[in-house]
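Structure record follows, encoded as structure tokens.
The values are calculated or read from the model by the stated rules, or taken from the named source; none is laboratory data. None of the values given here were measured: they were computed from a predicted structure. Backbone-built Cβ (ideal geometry, glycine too); neighbour counts: all protein chains shown. Each accessible area value is taken on the protein alone, full model and side chains, heavy atoms only, with ligands, DNA and RNA left out. Shrake-Rupley method; radii C 1.70, N 1.55, O 1.52, S 1.80 Å.
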Amino acid sequence: MRIPFVAGNWKMNTTVTEAEKLVLEMLEKLDRIEGVEKVLCPPFVSLVAVSMMLQGSSIKLGAQNMYFEAKGAYTGEISPLMLSELCEFVILGHSERRWYFGETDEIVNRKVKAALANKLKPILCVGERLEENEAGKTEEVVNRQMTAALNGIEPLALSRSSGRSESIVKNLVIAYEPVWAIGTGKAASGKQAAATIQFIRDVVAKLWNKSIAQDLRILYGGSVTSANIAEFISHPEIDGVLVGGASLKAEEFVNIVEKTAEIKERTK
């Protein structure tokens, strides 16, 4: 069974001091919630501080982005090699990276490959813009992004640490994030999100196989709150959420994780 997954993307918010305070406010309650994989994704500058605070807890750490080269003359960039000592997860292909910073499907693909090669687990984001949604191109856009992002990636890879083949299911999470719903307060409906996530599973089945498609965790992201989380999590196709603004409020984020755990437990 797919383990529910909730990640908080803090984006470009919180100083190091503020990040520590936020973690402190939610750590105890969040740590006690079982049945959900919990991940916090603070800004780069707070990764070390948050990593130290999460030690010994059930909460995992993720970065918000990375470059695809291991090292070199790339001023201002962060490499997968640097992150691999701190994080387990890394968000890649987020719409804000695609639309504000010009990241192409090819760049996202190179980042996914680099993350996997350095023992980082990508949270791969895909999603359409408002005009694409209104033109009925959601599936076309998502299919293109998924196919490009996973191009050349083997679903079974030899683990350098164990020497055994390891399924991509253990090392990849997909997040459907319609651009028009991110930070706008306008979430997709649960039915819309579930339909697109089912389509994403169909794409994965064609790229790899049905078994992997069934086992891979796929999230919804876009204006998720404790008030609307049930609308998404109640759908069996939706395995969790990638939370933006609401993850900056300790009580709100804890409530989202608690409701996810409760609803998924009831619907097993």
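Restricting region 28-61 to residues that are part of a helix (DSSP H, G or I) and in contact with a strand residue (DSSP E or B) (Cβ under 7 Å, 6 or more places away or on another chain), which is most open to solvent (accessible area, probe 1.4 Å)? It comes out as PHE44. When the test is whether a residue is assigned to a helix (DSSP H, G or I) and either aliphatic (A, V, I, L, M) or more than 16 Å from the chain's Cα centre (by Cα) (or both), ALA205 passes it.
How many residues are in a loop (DSSP other than H, G, I, E, B), touching a Pro at 6+ places or on another chain (Cβ under 7 Å) and at pLDDT 95 or above if we restrict to region 210-268? Full working, then the answer.
Just the residues of region 210-268 that are in a loop (DSSP other than H, G, I, E, B), to begin with: 216, 222-228, 234-239, 244, 249, 267-268.
Narrowing further to those that are touching a Pro at 6+ places or on another chain (Cβ under 7 Å): 222, 239, 267.
With at pLDDT 95 or above added as a condition, the list becomes 239.
Number satisfying all stated conditions: 1.
Before we move on, is SER165 open to solvent by 70 Å² or more (accessible area, probe 1.4 Å), closer than 19 Å to ASP215 by Cα and at pLDDT below 90? Yes; evaluated as a whole, the condition is true for this residue. Just one of the numbered conditions (1) farther than 22 Å from GLU34 by Cβ; (2) of a type outside the set (Gly, Ala, Ser); (3) open to solvent by 10 Å² or more (accessible area, probe 1.4 Å); (4) touching a residue at least 12 places away in the same chain (Cβ under 8 Å) is not true of LYS210: (4). Small (Gly, Ala, Ser), under 27 Å from LYS21 (Cβ atoms) and open to solvent by 10 Å² or more (accessible area, probe 1.4 Å), is that true of ALA194? Judged against the criteria, ALA194 is not a match. Residues of region 75-88 that are more than 17 Å from the chain's Cα centre (by Cα) and open to solvent by less than 10 Å² (accessible area, probe 1.4 Å): SER79 alone.
Filtering region 71-115 to residues that are hydroxyl-bearing (Ser, Thr, Tyr) and closer than 14 Å to CYS125 by Cα leaves SER95, THR104. From the list GLY62, GLY72, the one residue that fits, being farther than 24 Å from THR196 by Cα, more than 19 Å from the chain's Cα centre (by Cα) and of a type outside the set (A, V, I, L, M), is GLY72. When MET82 is tested against (1) in a helix (DSSP H, G or I); (2) closer than 29 Å to ALA188 by Cβ, only condition (2) is not met.
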